[in-house]
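First up is the structure itself, then whatever we jot down about it.
The values are calculated or read from the model by the stated rules, or taken from the named source; none is laboratory data. Just so we're clear, the structure is a prediction, and the values are computed from it rather than from any experiment. All Cβ positions, even for glycine, are placed from backbone atoms using ideal geometry, and neighbour counts span all protein chains on display. For the accessible areas, the whole protein counts, side chains as well, though only heavy atoms, and no ligand, DNA or RNA atoms are used. Shrake-Rupley method; radii C 1.70, N 1.55, O 1.52, S 1.80 Å.
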Amino acid sequence: MVIRPVRLEDVEDLRRNCFSAMSSDEVRAVVGKELARDGNDSVWLVAEDESGEVVATCTVTRLAHRMCRHRADLGGFVIAPRMQGSGLARRIVDAAREEAQQWGCSILEISCRGGTHAENAYKGLGFVEWGRLNGGYEDFDEVYDQVHLAMRIDPR
Ligand SMILES: CC(C)(COP(=O)(O)OP(=O)(O)OC[C@H]1O[C@@H](n2cnc3c(N)ncnc32)[C@H](O)[C@@H]1OP(=O)(O)O)[C@@H](O)C(=O)NCCC(=O)NCCS
């Protein structure tokens, strides 16, 4: 498994394995925007399996506020269903931590819907809940808490 920055040729794998609700054009647009961006304070990571297929994705973004530059946020974390529970989540968080450490960050954070597998998985990966907004997410047919979690990391 290789974890590396996203490339334009990842679009079809990303759509098939991670963003099945999006069209290829929509995925191409967001990847294109990412590749055109000055990537100093954020990186879009993907995981490529032994056959070269992209099976997971996440972004790592350093917070922009002057008083929050020591924090990095992990977002858009999706692992293809067939690879969930395989240990890949931990490898991706390790890679995200490496990126954040290189920016000098000491806190890695993530958010999710309460009561979902993601909440359990993030806690299992070492994130600690620091905030919960009851009913913070209203989906079409369900209401969820918005849960904020963080882990301390050693800055480089
Ligand atoms: C959320 C997501 C990225 C997590 O990845 P995953 O592969 O399912 O995570 P895992 O099941 O391997 O869990 C991660 C760790 O937490 C542990 N864990 C999972 N559930 C746990 C529980 N109930 N109690 C304790 N530990 C738990 C696992 O054992 C694992 O630890 P390990 O690496 O030592 O084995 C993945 O499920 C996913 O892509 N879901 C769909 C998209 C999504 O909902 N994304 C989140 C948006 S916020």
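Quick notes
- Qualifying residue in the range 92-110 (condition: more than 8 Å from the ligand (Cβ to nearest atom), in a loop (DSSP other than H, G, I, E, B) and surrounded by 18 or more Cβ atoms within 10 Å (Cβ to Cβ)): yes
- Pair list, Cβ under 8 Å, 6 or more apart: the range 1-17 residue under 18 Å from ARG91 (Cα atoms), other residue open to solvent by 50 Å² or more (accessible area, probe 1.4 Å): MET1/GLU50; MET1/ARG91; ILE3/ARG91; VAL6/LEU35
- Of all residues in the range 111-129 being more than 10 Å from the ligand (Cβ to nearest atom) and outside any strand (DSSP E or B), the one that is nearest to THR59 (Cα to Cα): GLY114
- Taken together, the residues in the range 130-153 that are within 13 Å of the ligand (Cβ to nearest atom), more than 22 Å from ALA64 (Cα to Cα) and part of a strand (DSSP E or B) amount to 4.
- Any hit, the range 111-120, residues being more than 25 Å from TYR144 (Cα to Cα) and without any contact (Cβ under 8 Å) to a residue 40 or more places away in the chain: no
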